Amino acid sequence: MPDRVAEKLLQWYDSHGRHDLPWHHNRTAYRVWVSEIMLQQTQVTTVIPYYEAFMKRFPDVHTLAGAPVDDVLSHWSGLGYYARARNLQKAAQAVVHDFGGEFPQTQEELESLAGIGRSTAAAILAQAFGIRATILDGNVKRVLARYHAIPGWPGQTTVLNQLWKKAEQHTPEQRVRDYTQGIMDLGAMVCTRSRPSCDNCPLQFGCTAFAQGETALYPGSKPKKTKPEKVTWMVILEDGEGRILLERRPPTGIWGGLWSLPELDPAYGADELQEVCERNLGIDCGEPELITGFRHTFSHYHLHIQPARLNVTGNAKSIADQDHLKWLHRQEALNLGLPAPIRSLLTEPEQATLL
């Protein structure tokens with residue numbers, strides 16, 4: 001007997017689903033894979049311009065595998081969660097070296113690639129190859145948690161296992177490509193986090209949460225933790241040629257592998273920055289100009305950034321270009337992989353106050 005959820009969902013998808021997304025055209029495993037990685041933690045409308053630019057620069061897995069990492073990161077700049085970009089290139093290199101440039105067509109082999117988990121592997125199998133595979137992204141979790149009134153936060157193992165069981169139960173043998181797109185679309189367009197449009201939902205009359213009038217209770221929220229607050233100085237050191245000193249961050253951790261501004265211990269006072277820069281970097285600087293500070297929020301803490309600009313008055317050649325340090329004009333810097341707040345800081349007019 002056909003599953004009623006799949007049947008109703010496919011009918012809705014035929015009339016209301018998204019059929020014209022960029023990765024639906026010239027559909028290949030490579031194009032589907034890149035879209036799935038970009039769509040992790042990021043909405044479709046945000047992804048589309050990044051995806052199109054990425055495909056133009058890296059049209060196939062071989063191009064991506066052999067590209068300079070700075071080029072890859074620069075095309076990811078602004079999407080956040082930069083480990084995705086680094087893993088994307090690692091996976092591309094593995095596809096080229098270990099699979100002859102062809103994406104594998106089994107769940108286990110796909111999951112062996114960097115950055116590909118159970119649901120992403122299944123989405124590639126379904127969307128690229130039409131192979132029956134069960135997905136469970138954030139949108140699908142929300143739809144199923146409400147439809148079956150499964151309590152609790154989906155990050156808990158017991159709750160997640162229940163959702164996987166239901167997801168497997170409803171995944172059809174036929175039209176799996178349309179079904180997986182359809183249930184993601186339903187979560188994104190109708191069964192939204194707040195104010196779901198239940199009157200437009202094809203699953204309304206089988207939905208337990210709707211019948212109970214308690215859609216807001218599902219899925220359960222993640223237990224709240226107070227995010228710690230951190231503070232840092234970021235210095236814009238500009239030499240006589242108008243170049244700015246950039247520093248590559250470590251390959252792992254926040255903004256891993258991206259180029260950023262040198263940071264100084266927040267324990268230093270503004271009146272100490274000139275001396276600290278001279279002592280730590282060995283260059284003579286003028287007095288600092290403070291630029292309006294701002295707060296940037298990561299997934300697990302808030303970072304208060306206080307920028308300061310210092311003109312290099314001595315010979316900047318004491319710091320030669322190295323693997324982790326570069327003197328670059330602003331436009332050159334903006335062509336690198338930069339964290340979004342650093343890109344904004346170097347692009348937007350600076351409101352500076354001379355101490």
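The values are calculated or read from the model by the stated rules, or taken from the named source; none is laboratory data. Predicted, not measured: the structure shown is a model, and the values here were computed from it. Every residue, glycine as well, gets a Cβ built from its backbone with ideal geometry; the counts of neighbours run over all protein chains shown. SASA here: full protein model, heavy atoms, side chains in, ligands and nucleic acids out. Shrake-Rupley method; radii C 1.70, N 1.55, O 1.52, S 1.80 Å.
I'd like the residue in region 28-59 that is assigned to a helix (DSSP H, G or I) and among the β-branched types (Val, Ile, Thr) and, out of all such residues, is nearest to Asn87 (Cα to Cα). Within region 28-59, the match that is nearest to Asn87 (Cα to Cα) is Ile37.
Pairs are defined by a Cβ separation below 8 Å, a sequence spacing of at least 6 or placement on different chains, a first member in region 28-47 that is farther than 17 Å from Ala91 by Cβ, and a second member that is of a type in the set (S, T, N, Q) and outside any loop (DSSP other than H, G, I, E, B); the pairs so defined are Val47/Ser35. When you check Tyr13 against the structure, is it buried (at least 20 other Cβ atoms within 10 Å of the Cβ), touching a residue at least 60 places away in the same chain (Cβ under 8 Å) and either among the hydroxyl-bearing types (Ser, Thr, Tyr) or within 30 Å of Gly206 (Cβ to Cβ) (or both), yes or no? So Tyr13 passes the test.
Here's the yes/no breakdown for (1) open to solvent by 60 Å² or more (accessible area, probe 1.4 Å); (2) closer than 23 Å to Leu303 by Cβ:
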position: Val235; (1), (2): no, yes
position: Glu241; (1), (2): yes, no
position: Leu245; (1), (2): no, yes
position: Arg248; (1), (2): yes, yes
position: Leu258; (1), (2): no, yes
position: Leu261; (1), (2): no, yes
position: Leu264; (1), (2): no, yes
position: Glu272; (1), (2): yes, yes
position: Glu275; (1), (2): yes, no
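Screening Lys8 with (1) open to solvent by 50 Å² or more (accessible area, probe 1.4 Å); (2) at pLDDT below 95 gives one miss only, at (2). Pairing each residue of region 49-66 that is touching a residue at least 24 places away in the same chain (Cβ under 8 Å) with any residue that is in a loop (DSSP other than H, G, I, E, B) and open to solvent by 70 Å² or more (accessible area, probe 1.4 Å), provided the two are 6+ apart or on different chains, yields C-beta distances under 9 Å for Val61/Glu102.
This table checks each residue for (1) within 21 Å of Ala6 (Cβ to Cβ); (2) touching an Asp or Glu at 6+ places or on another chain (Cβ under 8 Å); (3) without any contact (Cβ under 8 Å) to a residue 24 or more places away in the chain.
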{"position": "Thr106", "(1), (2), (3)": "no, no, yes"}
{"position": "Leu125", "(1), (2), (3)": "yes, no, yes"}
{"position": "Arg132", "(1), (2), (3)": "yes, yes, no"}
{"position": "Ala167", "(1), (2), (3)": "yes, no, no"}
{"position": "His170", "(1), (2), (3)": "yes, yes, no"}
{"position": "Met189", "(1), (2), (3)": "yes, no, no"}
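Note on region 116-138: residues that are surrounded by fewer than 21 Cβ atoms within 10 Å (Cβ to Cβ), in contact with a Pro (Cβ under 9 Å, 6 or more places away or on another chain) and either at pLDDT below 95 or of a type outside the set (D, E, K, R) (or both) amount to 1.
Quick grid of which residues meet (1) more than 16 Å from Gly337 (Cβ to Cβ); (2) within 33 Å of the chain's Cα centre (by Cα); (3) at pLDDT 90 or above:
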position	(1), (2), (3)
Pro251	no, yes, no
Gly257	no, yes, no
Thr292	yes, yes, no
His296	yes, yes, yes
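Whether a residue is surrounded by 12 or more Cβ atoms within 10 Å (Cβ to Cβ) and either within 25 Å of Gly17 (Cα to Cα) or among the β-branched types (Val, Ile, Thr) (or both) was assessed, and Gly155 does not pass this test.
Could you check, for region 282-289, whether at least one of its residues is open to solvent by less than 20 Å² (accessible area, probe 1.4 Å), touching a residue at least 40 places away in the same chain (Cβ under 8 Å) and outside any loop (DSSP other than H, G, I, E, B)? Yes, region 282-289 has at least one match. Residue by residue through region 202-239, note down the ones that are without any contact (Cβ under 8 Å) to a residue 24 or more places away in the chain and either outside any loop (DSSP other than H, G, I, E, B) or over 30 Å from Ser260 (Cα atoms) (or both). Gln204, Phe205, Ala211, Gly213, Ala216, Lys224 - these are the residues of region 202-239 that are without any contact (Cβ under 8 Å) to a residue 24 or more places away in the chain and either outside any loop (DSSP other than H, G, I, E, B) or over 30 Å from Ser260 (Cα atoms) (or both). Residues in region 304-338 that are within 30 Å of Pro228 (Cβ to Cβ), buried (at least 17 other Cβ atoms within 10 Å of the Cβ) and among the aliphatic types (A, V, I, L, M) were compared, and the one that is modelled with the lowest pLDDT is Leu336. So is Leu217 closer than 23 Å to Thr313 by Cβ and modelled with pLDDT of 90 or more or not? Taking the combined requirement at face value, the residue does not satisfy it. Across region 30-51, a minimum of one residue is classified as in contact with an Asp or Glu (Cβ under 9 Å, 6 or more places away or on another chain), open to solvent by less than 60 Å² (accessible area, probe 1.4 Å) and over 19 Å from Gly182 (Cα atoms).
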